[in-house]
Amino acid sequence: MPQKDYWNSFFDSKKLIDRLFCNKIIDENITEFGSGYGTFTIPASSYTTKNFYALDIEEDLIKELQSEAINLNIKNIICKKIDFLENGTSLDDNSQGHVMVYNLLHLENPQKLLKEAFRILKDDGIISIIHWRSDIKTPRGPSLDIRPKPQDCERWLKEISFKEIKHMEFQDIAPYHYGIIAKK
């Protein structure tokens with residue numbers, strides 16, 4: 001990952017989260033796969049009255065995020081160091097109201113990650129996806145040839161039985177990214 005300030009310069013994360021969550025606070029748990037620096041974790045944690053699970057494999061990033069949450073007096077963020085690609089999330093089936101999958105689907109097996117998201121989501125729960133665009137050059141991100149296109153994500157979501165798939169535009173707040181939301 002690039003340096004934190006440089007990374008955060010690619011998005012207006014607060015506005016992006018507001019748009020993806022449709023400005024609606026939910027009374028359900030939220031999980032973020034690959035929480036990293038907490039770029040999206042911090043603003044999204046205010047959208048639930050319950051727990052926000054921030055999952056990442058990098059111990060130093062988890063510790064940094066825990067510290068930031070404490071400093072900001074955010075009490076609902078639960079940081080977990082876990083290899084969710086290899087071992088799953090360890091969260092219960094049908095236990096989450098929203099799952100966030102941001103900048104991760106260039107992985108070798110994105111469907112496995114999406115299936116885990118589907119498993120932990122409650123019926124009518126929401127998955128939100130953000131990824132680097134593949135139709136333009138960007139200052140960071142994975143190689144253009146491994147970035148999934150929006151239609152790839154849509155196809156995977158349909159194969160896993162997600163419904164009500166909606167494409168999101170972010171030109172004004174995250175010009176290098178696209179977004180998708182769908183329901184279980």
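Some observations on this one:
- Couplings 3J(HN,Hα) of segment 79-91, computed from phi: 8, 10, 7, 7, 8, 5, 6, 7, 10, x, 8, 6, 7 Hz, in residue order, whole Hz [Karplus 6.51 cos²θ - 1.76 cosθ + 1.60, θ = phi - 60°; x for Gly and Pro].
- The chain: calculated mean residue ellipticity at 222 nm from DSSP helix runs of at least 4, using -39500 (n - 2.57): -8000 deg cm²/dmol
- Measuring between alpha carbons in the structure, the pairs from 137/184; 50/183; 122/163; 112/184; 137/166; 24/158 lying more than 21 angstrom apart are 137/184; 137/166; 24/158.
- Cut-off 17 Å (backbone N to label point 7 Å along Cα→Cβ of residue 111), residues of segment 118-140: 118-119
- Two-site label geometry, residue 140 and residue 27: point separation in nm, points 7 Å out along Cα→Cβ: 3.8
- Put a plus charge on the Cβ of each Lys and Arg, a minus charge on the Cβ of each Asp and Glu, and nothing anywhere else: the dipole of the chain about its Cα centre is then about 380 debye.
- Cβ-based charge dipole, the chain, positive-most Cα from 77, 150, 54: 150
- Placing unit charges on each Cβ (+1 for Lys and Arg, -1 for Asp and Glu) gives segment 4-183 a dipole about its Cα centre, and among 106, 44, 178 the Cα reaching farthest toward its positive end belongs to 178.
- Computed 3J(HN,Hα) for segment 167-177, one whole-Hz value per residue from the Karplus formula 6.51 cos²θ - 1.76 cosθ + 1.60 where θ = phi - 60°, is 7, 10, 9, 10, 3, 7, 10, 7, x, 9, 10, glycine and proline marked x.
- Amide hydrogen neighbours beyond the local backbone of residue 94, cut-off 5 Å, H modeled: 120, 121
- Stretch gain in nm, segment residue 12-residue 151, where the contour uses 0.36 nm per residue and the Cα spacing is subtracted: 47.6 nm
- In plain terms, the residue of 153, 22 with the fewest other Cβ atoms within 10 Å comes first and the most crowded comes last, giving 22, 153.
Each reported figure results from applying straightforward, stated rules to the coordinates on display, with no laboratory input. Since we're looking at a predicted model, the values are computed, not measured. Heads up, the Cβs are rebuilt from the backbone with ideal geometry, glycines too, and the neighbour counts pull from every protein chain shown.
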